[in-house]
Amino acid sequence: MAPIPMTEPTALVFPGQGSQRPGMAAPWRDDPAFALWGRADELLGRNVTRLGLDAGADELREPVNCQVALFVHHAVMTQAWQRTGRRPAAVAGHSLGEYSALLAAGVVSFADALWLVDARARATQAAANAAPGGMVACLGHDTEAVAAACREAGAHVANDNAEGQVVVAGSHEALGGVVRLLAGRSGRVVPLQVGAAYHSPHMAAAVPAFSRAVRRASFAPTRVPVVANVDARPHTDSADWPALLTDQLTAPVRWRETVMTLTAMGVTTVVELGASPVLTGLVKRVAPETARTTVSAPDHLAVAA
């Protein structure tokens, strides 16, 4: 693969579900980009703004609320960041955050990305209802040992986040098997409050409905490379994304390799735009020499710049 020209050695990254916080939109009320919440209300015909300002933790945990609210929140921060005049060398997002990365790179419009996120949330929720399951985080365990436990128990590696930080998805029975197989080893297994086995074959039922939504969306050439979850490679061709986004439903998020790709591209600073710091900690584990900062409020923009 030919090297991709870079503008400055900074990458923007966006977290996924689990990074949401009640009231996360409030600090941005006075920013001009806050108008995107109202635009989302119009496009979806529901009160999305209330999710960003007033929804409680339980309501925000519901996929149809969480995914839409996080995407709009990221869009507000992206627009505010773009006003600084800085152009990143590359962008990437973890799971749901990949849609925010595509928006930041100019691959999709705000309206198309919002509709895709809404379609994704509804399709994955329906798939979860049809094939119940969950996810657990395996912390401090050897990655290969986790993969072996998954093969034996019938579970699936869903997020390869960093060495010692692997998320597993599967049926509740399979996850119980993983817990038993890893018992007695150094490390912990922590259940995640997500209510579905994302990034695994359990999401196969979501593919037909989501594929129909993808076919209705428009994809443009990227302004900057987007490193994809599915293959951890930088993409600049708009034609790549319908398949990549569809495959992302059932394929693991290769975040550890994504960070390695960014550093191989020459990135020396990672800026996370999100409601709470999630990815900066993972970047530290994978590439400790890389500078990291998080933007979650308007006054953080100047510091990050």
Open item on the list: Regarding the range 173-188, can at least one residue be identified that is farther than 19 Å from residue 61 by Cβ, crowded, with 21+ Cβ neighbours inside 10 Å and not aliphatic (A, V, I, L, M)?
Closed with: no
- [ ] Take residue 100 and decide whether it is hydroxyl-bearing (Ser, Thr, Tyr), on the phi < 0 side of the Ramachandran plot and touching a Gly at 6+ places or on another chain (Cβ under 9 Å).
- [x] yes
TODO: Evaluate the range 112-134: report whether one residue or more is among the small types (Gly, Ala, Ser), closer than 18 Å to residue 15 by Cα and outside any strand (DSSP E or B).
DONE: yes
Task: Residues satisfying the stated conditions in the range 135-158, i.e. in a helix (DSSP H, G or I) and hydrophobic (A, V, I, L, M, F, W, C) - done: 145, 146, 147, 148, 149, 150, 153
Task: Among residues of the range 21-75, those that are of a type in the set (D, E, K, R), in a helix (DSSP H, G or I), in contact (Cβ under 8 Å) with a residue 40 or more places away in the chain and over 22 Å from residue 95 (Cα atoms), counted - done: 1
Open item on the list: Testing residue 87 on (1) assigned to a loop (DSSP other than H, G, I, E, B); (2) modelled with pLDDT under 95; (3) more than 23 Å from residue 219 (Cα to Cα), one condition comes back false. Which one is that?
Closed with: (3)
Open item on the list: For residue 169, only one of the following conditions fails: (1) at pLDDT 95 or above; (2) surrounded by 15 or more Cβ atoms within 10 Å (Cβ to Cβ); (3) over 19 Å from the mean Cα position of the chain (by Cα); (4) not assigned by TED's automatic domain parsing to the domain that holds residue 228. What is its number?
Closed with: (3)
Task: Single residue of the range 96-111 satisfying the filter (small (Gly, Ala, Ser) and within 18 Å of residue 10 (Cβ to Cβ)) that is farthest from the chain's Cα centre (by Cα) - done: 106
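The values are calculated or read from the model by the stated rules, or taken from the named source; none is laboratory data. Computed from a prediction, not measured in an experiment: that's the story for all the values here. We place every Cβ from the backbone using ideal geometry, glycine too, and count neighbours over all the protein chains shown.
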